[in-house]
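Each remark here refers to the structure printed beneath this line.
The values are calculated or read from the model by the stated rules, or taken from the named source; none is laboratory data. Source: prediction; values computed, not measured. Here the Cβ positions follow ideal geometry from the backbone for every residue, glycine too, while neighbour counts run over all protein chains shown.
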There are 6 protein chains.
Amino acid sequence: MRPSGRTPEQPRDIRITRHYTRHAEGSVLIEFGDTKVICTASVENKVPPFLRGEGKGWITAEYGMLPRSTGSRMGREAARGKQGGRTVEIQRLIGRSLRAAVDLSALGEHTITVDCDVIQADGGTRTAAITGGCVALVDALNHLVAEKRLKKSPLKQMVAAVSVGVYKGTPVVDLDYPEDSEAETDMNVIMTDQGGFIEIQGTAEGAPFVQEELDSMLTLARQGITRLFEIQQEALSA
Amino acid sequence: MRPSGRTPEQPRDIRITRHYTRHAEGSVLIEFGDTKVICTASVENKVPPFLRGEGKGWITAEYGMLPRSTGSRMGREAARGKQGGRTVEIQRLIGRSLRAAVDLSALGEHTITVDCDVIQADGGTRTAAITGGCVALVDALNHLVAEKRLKKSPLKQMVAAVSVGVYKGTPVVDLDYPEDSEAETDMNVIMTDQGGFIEIQGTAEGAPFVQEELDSMLTLARQGITRLFEIQQEALSA
Amino acid sequence: MRPSGRTPEQPRDIRITRHYTRHAEGSVLIEFGDTKVICTASVENKVPPFLRGEGKGWITAEYGMLPRSTGSRMGREAARGKQGGRTVEIQRLIGRSLRAAVDLSALGEHTITVDCDVIQADGGTRTAAITGGCVALVDALNHLVAEKRLKKSPLKQMVAAVSVGVYKGTPVVDLDYPEDSEAETDMNVIMTDQGGFIEIQGTAEGAPFVQEELDSMLTLARQGITRLFEIQQEALSA
Amino acid sequence: MRPSGRTPEQPRDIRITRHYTRHAEGSVLIEFGDTKVICTASVENKVPPFLRGEGKGWITAEYGMLPRSTGSRMGREAARGKQGGRTVEIQRLIGRSLRAAVDLSALGEHTITVDCDVIQADGGTRTAAITGGCVALVDALNHLVAEKRLKKSPLKQMVAAVSVGVYKGTPVVDLDYPEDSEAETDMNVIMTDQGGFIEIQGTAEGAPFVQEELDSMLTLARQGITRLFEIQQEALSA
Amino acid sequence: MRPSGRTPEQPRDIRITRHYTRHAEGSVLIEFGDTKVICTASVENKVPPFLRGEGKGWITAEYGMLPRSTGSRMGREAARGKQGGRTVEIQRLIGRSLRAAVDLSALGEHTITVDCDVIQADGGTRTAAITGGCVALVDALNHLVAEKRLKKSPLKQMVAAVSVGVYKGTPVVDLDYPEDSEAETDMNVIMTDQGGFIEIQGTAEGAPFVQEELDSMLTLARQGITRLFEIQQEALSA
Amino acid sequence: MRPSGRTPEQPRDIRITRHYTRHAEGSVLIEFGDTKVICTASVENKVPPFLRGEGKGWITAEYGMLPRSTGSRMGREAARGKQGGRTVEIQRLIGRSLRAAVDLSALGEHTITVDCDVIQADGGTRTAAITGGCVALVDALNHLVAEKRLKKSPLKQMVAAVSVGVYKGTPVVDLDYPEDSEAETDMNVIMTDQGGFIEIQGTAEGAPFVQEELDSMLTLARQGITRLFEIQQEALSA
């Protein structure tokens, strides 16, 4: 029934490649099927003005899509002179989610910027970005420990994200673009590896959704994210 | 226990004043306690480029805060030359929510822009904006009928919104600023008067939240929104 | 003869409501008939770079119109990414006028920003903004005294403004929008309560104006502003 | 008494050079002493959107200063990405003043843009720009007649401008920079060659000014502008 | 002598991967050693305003670097709201170079935009972008033929580019970042596969260069580019 | 054969007027025939952030064209809110070229900004800007010596620039606009008075150019620039 032939609870093939580019403290290519996102974590020895002198660190994220990562070319945001509303909304979500992974008080006065650049898009770019960005973040934190700039990693918990939705009346996990563009409801769920929710964003694109559908979607999300935590661990222990 | 002395399930005093300013097709002042938002709905006889020639209409929203609507003055976005990320995120949410109220195919080639300008802020500005914006939208739709530009109102259902959260361990409804700034979890719930969800956005600010807390918050939201639909109807029938 | 039925020397009903919003050090709603402007005065403990270390203070103003304060919706300046020329021109005028009210050397290193936001427009928004902004400014200065951040108020004199013009050949005071859009000459006069001129800006929209018309307009302005000073005092002593 | 040794009613040496650059339909270098402004008038066969289909023309102006036209280098507005408030205020004044010179209904669907670029500044750049811009405008109108795009010139009257002010207690005409930066009052007066006022902008920089000073300044302005009209005519008949 | 151990006339390992992403009409990953650039060619059925109605096509290019493609993170141009001077300079060079490859009159009213996004930078990004961009362009032109939107490919000639420079007194080809940052002279040479020059940009970073050095560099460039044309052909015939 | 009747190796009449405006430390009007550029050099007692504390100075350049310096009016860059790509490319070239003239280590912590503003354009504005800008720069350096802010001038060598090209099959020097807009190849050559190249930028606008044409163009450039150095010296010794 799904265009890809997947079962409702079946995510796409997910691959995480660490050390993808060589300059960043953390650099990951994450693939959710045909969705491909480069996530790099960059460390700087300073914090934003609102945190100066507090002895704490900060995690922030930026998001972009290559102009032809999509079916038809989008105007380049740098050329248009501003980031679009969708971009801003997504990068704020990624930043909030990744901050939940780290004890900022134990990070010292460092800022880690996680850049999530979509090379190829097929739905689910923001959930891929969070899931891959967390791995890049772990590598950057470990780099700070290896360089003795921190005594131990301030990582509190892993964070991962998956989309769920109601497609032709059936709740499904990890929607690709053909599903996403027709789904009645689309929900992004961000969780910790200890089972708590970091963020839930569910939107009825067509008909409103009801509690029962919400519950089914959350069940699918929980299963899907459990698989993501395994893939993150495999990548990190490779 | 709440700073305002309210019980967990008690919203603030909510007031809706229609015909608040005289030029707009719909103009509402909505007050959620000390949060005050002017919502105006403006009709134009055109649609955005992506809808031209399709015979459908469009609903969009813009959001702003007066620089001193808050405790300390914020820089004016028009002077800084760009809208902040929070503003963009909120106005996209308001727009999506209000589009769910209307059958766009029956709106004809009109655009209705709902401007939500915060005069005074004390938490919950986005939920007030959606709830008041829907009333302004109804007035603008009825104006189109009264002027014989539409045969009947394309309103499908009313839409309202409330925030819920976990404050000092207890789920509460309609958080004011002192609560909002300390809540562990903050969730905005947008529903239709037929009981469906339009959007759920829940964010763990501190510790992650669990399914049980989510369920409690949704129950509180459902109760609170039911009261909002009554207040909307009282205003519209006045 | 005037569309409103007023006599040439009759201003509109003018109302000043102090403490209109609760966060600002000074907050005033001023109404010149259907023109409604919220004026807030915000105090900051710093001065612009060109004044640093001089022991003086600064007064500045910003002006904005809600998009649907007018008969047809104007684009939101924050969304367009720049303030229009008219906005810039008006806020510079307000700032210059209000600085004349205060002994900046006695203000200490404080900046007071007066935000004038037009909720509803019917002509004369800049004169309403100056007249109401001066009351908000007085409240902010008194606040500094009450908080013992200044020993005495550095207020030198009150400032108020009114528009005059030649409408259908007759000089009239306090033009509303129907008059303003057809007037041959439009002049804004800003005075002190000691009878001096702070600023005169007269523009021939149609035929040039002559000395005799100028004199008539200035006479009307003087009378109108005298009434404004009374209304300011009534508000301040309430 | 004046730093330049001039008498109060004595303007600076004023020179107008027509055909200063070779591409524009009208091109003038105007010098008010050490203030030097290039004014070019450019004709286009189109009108702004708000005038389309009305059979009328439009006159507009833009103003700029070379970065080192002043004593210390100012940032280039093109590099900073926006025109400053002073620039916007001045170019709106020039545009309004020059529109008064022409019967726009008789201009046909042409736009004439008058660019006023300050090569060297020593006070009075806006009055020089208006006075020189009017000559460039006349040349552009005559060019349209010579090219048979108009039957006769739609020029209604000449327009010129001069500054007056109160310097060390004495009203003086055509202030240079040393005077301008210390004057208590500064007023720009724009008149037609038939004796009417197009615009009066008087600002008290220090103490307020009174009716008597206003009258003295207007008398000086009238005399000074009479001389400017002679200089314009000499240039145009050369 | 070269940091990489290469001989002066030895370029880096160069690899071209076609069909790198799946949406674009042409998509190439080009690697000049550690410099990696994604080049996509996107076809649109329209031309810029200055070409409308002329029956010709247009080729243009845009260039960007991922924020952490370099040793330390650069600010994202989309977030800063403008493209830097270096970016603008490079994308204009790429566009001019690629237009030389195509008979624009035979392209029909199509625009092809070649986006060159640097994933990892180690010197020579602009020459890699031109060399890889030409392959992506060929694929896009062949796509137009395959889709019967053109009868035959309007390709006139292949274009490739290489950098040469004087490093520690010796002319060398294809400088990597350690060389580039210390070279006395840096020159980018763009040629056609028929032996003509499209563009030469040589810059003395330190001491001026003389005719003899210029000749040596051009000889090296010619050799290097000959090798690039072979690699392009291998990729295109794969 | 050339539209102007010049021989291939004949530059236009070139004139340099020093002390053209009175505020700048160096101010030059340079004319290459009908191309007229004002070049001012402004000294500031500070350096950009990347040089702070290094005891060195900096030279930078900005370039602009008056809107009607050209045959048809161009939009004003300050009004459009950004500098165009061509402007950015040119001002970077001017800056690089002029830095080659000066020993930055001996300049002290000063920044000299050379503003090149085109009053009238007829081809070759960038080469005129470099040639005239170098004279303004020399005057500014000598000003620093005269004011005892430097012991001796840090000038290393003079720099000048000329364009060469292939027009109707013949290499020619110093192209004017009618030639430039039809030339097959256009090359800008910047040299020092000691015979070295600072920058070569050659672009095939039509057919590619070959080594022999390159050699001819460089020979013409060398001759033309030799004449420019004489004219610079005449001006500086006047």
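For this structure, a couple of remarks:
- Residue within region E:144-156 that is farther than 23 Å from residue E:208 by Cα and within 14 Å of chain F (Cβ to nearest Cβ) present: yes
- For region A:34-77, the set of residues classified as exposed (fewer than 14 other Cβ atoms within 10 Å of the Cβ) and within 22 Å of residue E:113 (Cα to Cα) consists of A:71, A:72, A:75, listed by residue number.
- Hey, residue C:43 within 14 Å of chain B (Cβ to nearest Cβ) and modelled with pLDDT of 95 or more or not: yes
- Summed over region C:1-45, residues that are over 23 Å from residue C:57 (Cα atoms), in contact with a Phe, Trp or Tyr (Cβ under 6 Å, 6 or more places away or on another chain) and polar (S, T, N, Q) total 0.
- Where residue C:122 falls short, out of the listed (1) within 20 Å of the chain's Cα centre (by Cα); (2) in a strand (DSSP E or B): (2)
- Residue match in region E:141-150 (condition: part of a helix (DSSP H, G or I), small (Gly, Ala, Ser) and farther than 20 Å from residue E:39 by Cα): yes
- Within region E:219-238, considering residues that are buried (at least 17 other Cβ atoms within 10 Å of the Cβ) and in contact with a helix residue (DSSP H, G or I) (Cβ under 7 Å, 6 or more places away or on another chain), the one farthest from residue F:103 (Cα to Cα): E:235
For (1) more than 14 Å from chain A (Cβ to nearest Cβ); (2) at pLDDT 95 or above, each residue gets a yes or a no:
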| residue | (1), (2) |
| --- | --- |
| B:164 | no, yes |
| B:195 | no, no |
| B:206 | no, no |
| B:225 | no, yes |
| B:228 | yes, yes |
| B:237 | yes, yes |
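- In summary, residue F:10 fulfils each of the numbered conditions (1) over 16 Å from the mean Cα position of the chain (by Cα); (2) within 13 Å of another protein chain (Cβ to nearest Cβ) with the single exception of condition (2).
A quick yes/no check of all residues on (1) free of Cβ contacts under 8 Å to residues at least 12 places away in the same chain; (2) within 14 Å of chain C (Cβ to nearest Cβ); (3) surrounded by fewer than 24 Cβ atoms within 10 Å (Cβ to Cβ):
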residue	(1), (2), (3)
B:97	no, no, no
B:104	no, no, yes
B:108	no, no, yes
B:113	no, yes, yes
B:117	no, yes, no
B:121	no, yes, yes
B:124	no, no, no
B:133	no, yes, no
B:137	no, yes, no
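- Tally, over region B:152-207, of residues that are assigned to a loop (DSSP other than H, G, I, E, B), surrounded by fewer than 24 Cβ atoms within 10 Å (Cβ to Cβ) and of a type in the set (A, V, I, L, M): 3
- Residue in region F:74-88 that is at pLDDT 95 or above, β-branched (Val, Ile, Thr) and out of contact with any Asp or Glu (no Cβ under 9 Å at 6 or more places or on another chain) present: no
- Residue list for region D:118-133, filter: hydroxyl-bearing (Ser, Thr, Tyr) and closer than 13 Å to residue D:86 by Cβ: D:125
- In the set (1) more than 12 Å from every other protein chain (Cβ to nearest Cβ); (2) under 12 Å from the mean Cα position of the chain (by Cα), the condition left unmet by residue A:189 is number (1).
- Residue in region C:55-64 that is free of Cβ contacts under 8 Å to residues at least 60 places away in the same chain, in a loop (DSSP other than H, G, I, E, B), more than 10 Å from chain B (Cβ to nearest Cβ) and more than 30 Å from residue A:84 (Cα to Cα) present: yes
- Yes/no for residue A:37 being touching a Cys at 6+ places or on another chain (Cβ under 6 Å) and not hydroxyl-bearing (Ser, Thr, Tyr): yes
- Test result for residue E:101, in contact with a Ser or Thr (Cβ under 8 Å, 6 or more places away or on another chain) and among the small types (Gly, Ala, Ser): yes
- With respect to the conditions (1) under 27 Å from residue C:102 (Cβ atoms); (2) within 14 Å of chain C (Cβ to nearest Cβ); (3) touching a Pro at 6+ places or on another chain (Cβ under 7 Å); (4) not hydrophobic (A, V, I, L, M, F, W, C), residue D:179 lacks only one, and its number is (2).
- Looking across region D:34-54, just one residue is part of a loop (DSSP other than H, G, I, E, B) and of a type in the set (A, V, I, L, M), and that is D:47.
- In this entry, residue C:89 is excluded by the filter for residues that are surrounded by 17 or more Cβ atoms within 10 Å (Cβ to Cβ), assigned to a strand (DSSP E or B) and more than 9 Å from chain B (Cβ to nearest Cβ).
- Filtering region F:1-33 to residues that are closer than 23 Å to residue F:119 by Cα, touching a helix residue (DSSP H, G or I) at 6+ places or on another chain (Cβ under 7 Å) and assigned to a loop (DSSP other than H, G, I, E, B) leaves F:3, F:11, F:25.
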